[in-house]
Amino acid sequence: MKTLEKAMGIISLLERESDLRLQDISDTLHLEKSTTHRFLKALLKHDMVKRDSLTNRYSLGFRFLRTGTKILDSLSVRDIAHPYLLELGELTGDTIHLTLFDGSKVIYIDKVESKKPIRMYSKIGNVVPLHCTGVGKAILAFQPKELVDSLLSQIQWIKYTKHTMTGPAQLEKALAKVRSDGFAVDRYEHEDWVCCIAAPVWNHERAVDCAISISAVEAKEDLSEILRYKDELMKKANCISERRGYEKK
């Protein structure tokens, strides 16, 4: 056990500080230089540390990069999010969506059908507009300004309903409110008979690349009714974000 603790001590030190000399590691961990060298040799063998042949300084090895990549790849956002979508569906009885942002458009990647007689016509794989949907605004609000400006210049400003926003000034004001409130609203802007609330989902790189939403058909429920679930929606979005490795500053 002491052997493992010493090895983990070296790994933890190199996680905090890179490019350390043998003497630096030995002094910091209060280990004999010969003991430190023996452990480093074993860690080098298993690619857990690497040594710069020119400077003789040590850093974490590529095994940790490969392991980290595998862990992140295994954390499929759809797999992580689906149980939370089901819980929202059970709570609200409404349609629940998960969407993914690919850098220019928003795509449905999962859906939990409403339990109510009238259902939404939305399919996994469908692309949704950025400027007049809850999920589009929830994602767009947290993108870098340069990307937002670029995307706004590309929007065609199609007026889907009488409530659809018609220009960048109006949308920028709405995005500021999303950042303030922590969630977005679609007030019958994309379809006359559908309203929606949506919350951003963050990834391990502290970027918003997904959103989840609750959508209701006006014939059965209006916006004021689904707004009752905004706190629960944001709570689920935060849970998904944390499961994906997101850490708040």
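Checked against a 19 Å cut-off, the cross-linked pairs Lys6/Lys50; Lys145/Lys235; Lys177/Lys230; Lys137/Lys173 give Cα-Cα distances beyond that limit for Lys145/Lys235. A simple spin-label model places the labels of Thr161 and Ser180 2.3 nm from each other, with each point 7 Å out along Cα-to-Cβ. Between helix 77-92 and the chain there is an angle of about 40 degrees, using the helix long axis and the longest principal axis of the Cα atoms. Select one label from (i) 178; (ii) 162; (iii) 133: the one whose number is volume of the Cα convex hull per residue in Å³ as derived from the coordinates shown. Read-out taken from this structure: (ii). Per-residue Cβ neighbour counts within 10 Å put Lys162, Lys177 in the sequence Lys162, Lys177, beginning with the fewest. Based on the Cβ-Cβ distance from Gln23 to Arg243, what FRET efficiency comes out when R0 is 41 Å, to the nearest 0.05? After rounding, the FRET efficiency stands at 0.50. Under the convention that each Lys and Arg Cβ holds +1 and each Asp and Glu Cβ holds -1, the size of the dipole of region 94-234 around its Cα centre is about 140 debye. Here the dipole of the chain is about 800 debye; that uses its Cα centre as origin and unit charges on the Cβ of Lys and Arg (positive) and Asp and Glu (negative). First check a/c for region 130-249, with a ≥ b ≥ c the square roots of the eigenvalues of its C-alpha gyration tensor; if it is under 1.5, answer rounded, and if not, answer prolate when a/b is larger than b/c or oblate otherwise. Verdict is oblate for region 130-249.
Along the axis of the charge dipole computed for the chain (Cβ charges of +1 for Lys and Arg, -1 for Asp and Glu, origin at the Cα centre), the listed residues Val194, Val127, Ala237 are led at the positive end by Ala237.
Counting 0.36 nm for each residue step from Asp222 to Ser150 and taking away their Cα separation leaves a gain of 22.6 nm.
Using a simple spin-label model with pseudo-atoms 7 Å out from Cα toward Cβ, Lys235 and Glu90 lie 1.4 nm apart. Across the options His97, Ser76, Leu31, the greatest Cα extent toward the positive end of the charge dipole of the chain (unit charges at beta carbon of Lys, Arg, Asp, Glu) belongs to Leu31.
Each label point was placed 7 Å from the Cα along the Cα-to-Cβ direction; for Gln170 and Ser76 their separation is 4.0 nm. Averaging the Cα positions of each part gives two centres, and for region 235-249 and region 132-148 these lie 18 Å apart.
Here, each number is a calculation from the coordinates, and none is a lab measurement. Bear in mind that the values here come from a model prediction, so they are computed numbers and not experimental data. All Cβ positions, even for glycine, are placed from backbone atoms using ideal geometry, and neighbour counts span all protein chains on display.
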